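Engineer: Here it is, the structure, as structure tokens.
The values are calculated or read from the model by the stated rules, or taken from the named source; none is laboratory data. Remember, it's a predicted structure, so these values are computed and weren't measured experimentally. All Cβ positions, even for glycine, are placed from backbone atoms using ideal geometry, and neighbour counts span all protein chains on display. Surface areas here come from the heavy atoms of the whole protein model, side chains and all, with no ligands, DNA or RNA. Shrake-Rupley method; radii C 1.70, N 1.55, O 1.52, S 1.80 Å.
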Amino acid sequence: MAPTHKAPTHKAWRLHAHNDLRFEDVETPRPAADGVLVAIEAGMVLSYTNKVLSGSVPYSLPPMPFVPGTNAIARVVAVGNDVTHVRRGDRVFLSPHLRGDVPDPEPPQILIGLTATVTGPAALALQARWRDGVFAEIAHWPAACVTPLVGLDDRPATELIGLAKLIVPFGGLQRTGLRGGDTIIINGASGYFGSGAVMLAVAMGAGRVVAVGRKQTALESLRDAFGPRVIPAIASGDVTKDLAVIRHAAGGGADVALDLLGAAKSTSSTLSCLRALKRGGRLVLMGSAEAPLELSFREMLANDWEVVGQFMYARTAPGQLAALAASGLLDLRKIVVTKFKLADFRQAVEAAALMQGLDLTAVVP
């Protein structure tokens, strides 16, 4: 049965100022012509949500008060007049990555419920219009960021929310050009997104997945979870030693690499991963290292290497990722989901800060 929401208000968490978060009744809007009204089934809590709420990360937050929260699994309640790809009752994936629908090679873009990536007037206007995220009973979302989950209606929302953990590394893996049988290096493999990248690389047909990180136990657990194609490579921070370890794990050299190292003080392991590539290999950067990456012109030219930055993912990526799960190639049950009621959102934020590896924290109605 298609969901309905006839009440004039709904419950939502709203941030009125840094560290001023309130659970309150807010007016339920009608969907805009290009909007979709949804009932949230499960919303993902980022590991650094506490830092967003306190203002300790330098994000360009939406105008306050606003509802935080980025990705969710939801059911469509109502659609705007111009929306044709989803209808009431459809189960959908909500992506926060909204790009301006303008004929511009560099359209404004924002992450709904989180930040404007570049604070130009167009991006800020986009953010002011679509400010509210998913930590609510009801969300009003731009249709361009709503993807129907075909063939997944029988799965629980707390399983499907795993798509939210995987969508960012999926965008990075697509950018690497990974093909079946390739050897890929995942740097930061024991982290929140890195562990998801290992899981995805196996599902996408990589012949060998070199999982690079400093936590041996965490890397070995990935091998145990996803099989012998996952080869742990323990990094020490010594570029030369790590290069030898990674090349050995790769069987001599890798085709592509994805760097998802979070907030690192050093890029030594990134350089080791680059140098472990075969000639013509590509390294995609999605991490957040705080140190510069010192590239050698001589090495780059001699090896025809590519180093590419990647922010988020293509518009079509959520549907492609969902298709992997629907086909059985991707087992979302491998992700360890801890759920909290929406009213217990503060506890969910505390739990999310402690997540490791395949953990995911979600809030549910």
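Engineer: Condition (residue is surrounded by fewer than 17 Cβ atoms within 10 Å (Cβ to Cβ) and under 19 Å from Ala225 (Cα atoms)) applied to the range 304-326: is it met by at least one residue?
Structural biologist: No; the residues of the range 304-326 include none that is surrounded by fewer than 17 Cβ atoms within 10 Å (Cβ to Cβ) and under 19 Å from Ala225 (Cα atoms).
Engineer: Shifting gears a bit: So which residues in the range 48-61 are touching a Leu at 6+ places or on another chain (Cβ under 8 Å) and crowded, with 19+ Cβ neighbours inside 10 Å, if there are any at all?
Structural biologist: Those that are touching a Leu at 6+ places or on another chain (Cβ under 8 Å) and crowded, with 19+ Cβ neighbours inside 10 Å: Val52, Leu53, Leu61.
Engineer: Then there is this: Being at pLDDT 95 or above, part of a helix (DSSP H, G or I) and out of contact with any helix residue (DSSP H, G or I) (no Cβ under 7 Å at 6 or more places or on another chain): is that true of Ala244 here?
Structural biologist: Values: at pLDDT 95 or above: yes; part of a helix (DSSP H, G or I): yes; out of contact with any helix residue (DSSP H, G or I) (no Cβ under 7 Å at 6 or more places or on another chain): yes.
So Ala244 fits the description; yes.
Engineer: Only one of Ala323, Ala348 is of a type outside the set (Ser, Thr, Tyr), under 30 Å from Lys278 (Cβ atoms) and out of contact with any Cys (no Cβ under 8 Å at 6 or more places or on another chain); which?
Structural biologist: On the way: Ala348 fails: under 30 Å from Lys278 (Cβ atoms).
Matching residue, one of Ala323, Ala348: Ala323.
Engineer: Go through the range 277-311 and give me each residue that's more than 29 Å from the chain's Cα centre (by Cα) and among the acidic types (Asp, Glu).
Structural biologist: Here is the first cut: in the range 277-311, the residues more than 29 Å from the chain's Cα centre (by Cα) are 279, 296-304.
Listed by number, the residues that qualify are Glu299, Asp304.
Engineer: Here is a further query. Kindly indicate whether any position in the range 25-43 is of a type in the set (D, E, K, R), free of Cβ contacts under 8 Å to residues at least 60 places away in the same chain, open to solvent by 10 Å² or more (accessible area, probe 1.4 Å) and assigned to a strand (DSSP E or B). Break it down into steps so the answer makes sense when it comes.
Structural biologist: Going residue by residue through the range 25-43, those that are of a type in the set (D, E, K, R) are 25, 27, 30, 34, 41.
Still in the list and also free of Cβ contacts under 8 Å to residues at least 60 places away in the same chain: 25, 27, 30.
If we keep only those that are open to solvent by 10 Å² or more (accessible area, probe 1.4 Å) as well, we get 25, 27, 30.
If we keep only those that are assigned to a strand (DSSP E or B) too, we end up with 25, 27.
Yes.
Engineer: Which members of the range 298-346 meet the condition of being over 30 Å from Ile138 (Cβ atoms) and charged (D, E, K, R)? Steps first, answer last, please.
Structural biologist: Going residue by residue through the range 298-346, those that are over 30 Å from Ile138 (Cβ atoms) are 298-310, 327-329, 331, 334.
Hits for the range 298-346 are Arg298, Glu299, Asp304, Glu306, Asp331, Lys334.
Engineer: Can you confirm whether the range 132-148 contains a residue that is in contact with a His (Cβ under 8 Å, 6 or more places away or on another chain), part of a loop (DSSP other than H, G, I, E, B) and surrounded by 21 or more Cβ atoms within 10 Å (Cβ to Cβ)?
Structural biologist: yes
Engineer: While we're here: Looking at the range 6-23 only, could you name the residues that are touching a Lys or Arg at 6+ places or on another chain (Cβ under 6 Å) and either surrounded by 13 or more Cβ atoms within 10 Å (Cβ to Cβ) or outside any strand (DSSP E or B) (or both)?
Structural biologist: If the condition is that a residue be touching a Lys or Arg at 6+ places or on another chain (Cβ under 6 Å) and either surrounded by 13 or more Cβ atoms within 10 Å (Cβ to Cβ) or outside any strand (DSSP E or B) (or both), then Arg14 is the only one that fits.
Engineer: Among the numbered criteria (1) in contact with a Gly (Cβ under 9 Å, 6 or more places away or on another chain); (2) crowded, with 21+ Cβ neighbours inside 10 Å, which one does Val92 miss?
Structural biologist: Condition not satisfied by Val92: (1).
Engineer: Within the set of pairs 6+ apart or on separate chains, which have a first residue in the range 214-234 that is among the basic types (Lys, Arg) and modelled with pLDDT of 95 or more, a second that is crowded, with 16+ Cβ neighbours inside 10 Å and assigned to a helix (DSSP H, G or I), and C-beta atoms under 8 Å apart?
Structural biologist: Pairs that qualify, where the first residue is among the basic types (Lys, Arg) and modelled with pLDDT of 95 or more and the partner is crowded, with 16+ Cβ neighbours inside 10 Å and assigned to a helix (DSSP H, G or I), are Arg229/Val202.
Engineer: Go through the residues of the range 96-116 one by one and say whether even a single one is at pLDDT below 95, over 19 Å from the mean Cα position of the chain (by Cα), open to solvent by less than 20 Å² (accessible area, probe 1.4 Å) and not hydrophobic (A, V, I, L, M, F, W, C).
Structural biologist: Checked against the condition, which is being at pLDDT below 95, over 19 Å from the mean Cα position of the chain (by Cα), open to solvent by less than 20 Å² (accessible area, probe 1.4 Å) and not hydrophobic (A, V, I, L, M, F, W, C), the range 96-116 yields at least one hit.
Engineer: Considering the range 149-168 alone, what residues qualify as being of a type in the set (D, E, K, R) and not in a loop (DSSP other than H, G, I, E, B)? It would help to see each step written out before you state the result.
Structural biologist: From the range 149-168, those of a type in the set (D, E, K, R) are 153-155, 159, 165; that's our starting set.
Those that are of a type in the set (D, E, K, R) and not in a loop (DSSP other than H, G, I, E, B): Glu159, Lys165.
Engineer: Sort out which residues of the range 280-303 are open to solvent by 60 Å² or more (accessible area, probe 1.4 Å), more than 22 Å from Leu260 (Cβ to Cβ) and either charged (D, E, K, R) or touching a helix residue (DSSP H, G or I) at 6+ places or on another chain (Cβ under 9 Å) (or both), and write them in order of number.
Structural biologist: Once the filter is applied, which keeps residues that are open to solvent by 60 Å² or more (accessible area, probe 1.4 Å), more than 22 Å from Leu260 (Cβ to Cβ) and either charged (D, E, K, R) or touching a helix residue (DSSP H, G or I) at 6+ places or on another chain (Cβ under 9 Å) (or both), the range 280-303 yields only Arg298.
Engineer: Among the residues of the range 179-217, which ones are part of a loop (DSSP other than H, G, I, E, B) and either among the polar types (S, T, N, Q) or buried (at least 23 other Cβ atoms within 10 Å of the Cβ) (or both)?
Structural biologist: Keep residues of the range 179-217 that are part of a loop (DSSP other than H, G, I, E, B), which gives 179-182, 188-191, 204-207, 214-215.
Within the range 179-217, Gly188, Ala189, Ser190, Gly191, Ala206 meet the criteria.
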